[in-house]
Structures are given as C-alpha cells and as structure tokens.
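S.K.: Sharing a structure here in structure tokens format.
The values are calculated or read from the model by the stated rules, or taken from the named source; none is laboratory data. Quick caveat, the model's predicted, so the values are computed rather than measured. Positions of Cβ are backbone-derived with ideal geometry, glycine not excepted, and every protein chain shown enters the neighbour counts.
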Amino acid sequence: MPQHGLPNYRALLIGFAAFSALSVSASAESPWSEPVVPNGVQVSLIQQDQSDCTNTTVKDDPDRTRGGQIWVTRGTDGNTTVQVAMTVTPNTSYHFFLKCVRLLGDIKTGDEGIGMATFTFATSSVGKVFAFDMYPEGAPSGNKFQSLTVKMP
C-alpha cells in the first residue's frame, strides 16, 4: 500500500516544485516588487518644472528622470503620513510641499544626493486626490520635481 501512495506524493512534490519555480520567476519580473503600503498609496517623484494642483500633467514617462518615491498613509487619528525617499542633487535642501496647500518641510540631501524625511498633515486639509512638489531655494529650472497624482482609496 505505501508504494501505491508514493508515486502520487512524488507527483504532488514535483508539481509543487514546478509551481514554486514559476512563482519565483514571475515575482522577479513583476512590476509589483516594490513595497506595498497598507491603507495608502505609493507614487513617484518625476523631474518636471510645473503642473497644476493635482499634477494631472505629470506622467511616469521613461524619458523623464525619477527623483524618488513617496509613500502616503492615512491614519485613523485624522492625520496623513508622508514618507519620502529621494536621490537628487547632492548637498542640497529641497522644500517639500503639499501642492497648492502648504510647505510640509525641508529635506537635506547628503554627499550622494540621498535624502529621506517623514511629514504629517491633517487629512481634512485635502480631498482624496492631491499632489506634492519639491524644489531647492530659488526653484532653479530642471531641479524641480512633481509627484504623480495621489489618489487615495
């Protein structure tokens, strides 16, 4: 009797191994390999000098430079948290704005142009669709970044 069940077990094991190999190779090629933000969204910062208040003209185009990523999470306490990670001009302070609403703060980059910051604002200060922009003092052309449009669930 064990010999009768053994081939089925082997087939199951071989099938599982094949499925696992396909899953691993599919996930390596998947565009969803970036971290998932529970109760929030993730958008890119794109090099672009200007746009409207919700950045409807900002597109994730391969010909445009990405400056970083923004993770937006709405909390149950009435606040929205924004985490920013960017690689832009080294040793530069960037003003980071909740677009057409207010300055959230500044982000200073280091020797390699890497900067990170976390900001919080009242969720009631925006609707479900909004955007961010950032630029250094004096807002030099070519060194301004706009977020893709944020669309909260």
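S.K.: So, in the stretch 64-86, how many residues would count as being among the hydroxyl-bearing types (Ser, Thr, Tyr) and at pLDDT below 95? First the steps, then the outcome.
M.R.: Keep residues of the stretch 64-86 that are among the hydroxyl-bearing types (Ser, Thr, Tyr), which gives 65, 73, 76, 80-81.
The next check asks that each one be at pLDDT below 95; those that pass are 65, 76.
Residues that pass the stated criteria total 2.
S.K.: Also, quick follow-up: Could you check the stretch 90-115 and list, in sequence order, the residues that are exposed (fewer than 13 other Cβ atoms within 10 Å of the Cβ) and of a type in the set (Asp, Glu)?
M.R.: Across the stretch 90-115, the qualifying residues are Asp111, Glu112.
Every residue, every condition in (1) outside the structural domain of Met116 (by TED's automatic domain parsing); (2) in a loop (DSSP other than H, G, I, E, B); (3) in contact with a Phe, Trp or Tyr (Cβ under 6 Å, 6 or more places away or on another chain), yes or no:
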site: Leu45; (1), (2), (3): no, no, yes
site: Asp49; (1), (2), (3): no, yes, no
site: Asn55; (1), (2), (3): no, yes, no
site: Val58; (1), (2), (3): no, yes, no
site: Arg64; (1), (2), (3): no, yes, no
site: Gln69; (1), (2), (3): no, no, no
site: Val72; (1), (2), (3): no, no, no
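S.K.: When only residues in the stretch 119-142 that are surrounded by 13 or more Cβ atoms within 10 Å (Cβ to Cβ) and among the polar types (S, T, N, Q) count, which is nearest to the chain's Cα centre (by Cα)?
M.R.: Among those that are surrounded by 13 or more Cβ atoms within 10 Å (Cβ to Cβ) and among the polar types (S, T, N, Q), it is Thr120.
S.K.: Among the residues of the stretch 75-87, which ones are farther than 18 Å from Thr65 by Cα and either outside the structural domain of Tyr135 (by TED's automatic domain parsing) or not in a loop (DSSP other than H, G, I, E, B) (or both)?
M.R.: Restricting attention to the stretch 75-87, the residues satisfying the condition of being farther than 18 Å from Thr65 by Cα are 75-83.
Passing the criteria: Asn79, Thr80, Thr81, Val82, Gln83.
S.K.: Could you count how many residues in the stretch 102-127 are under 17 Å from Gly78 (Cα atoms) and in contact with a Phe, Trp or Tyr (Cβ under 9 Å, 6 or more places away or on another chain)? Step through it out loud before you land on a result.
M.R.: Initial filter on the stretch 102-127 (under 17 Å from Gly78 (Cα atoms)): 104, 118-127.
With the extra rule that they be in contact with a Phe, Trp or Tyr (Cβ under 9 Å, 6 or more places away or on another chain), the set shrinks to 104, 119.
Residues that pass the stated criteria total 2.
S.K.: Moving on. Restricted to the stretch 65-80, and to residues that are crowded, with 16+ Cβ neighbours inside 10 Å and over 13 Å from the mean Cα position of the chain (by Cα), which residue is nearest to Met152 (Cα to Cα)?
M.R.: Arg74
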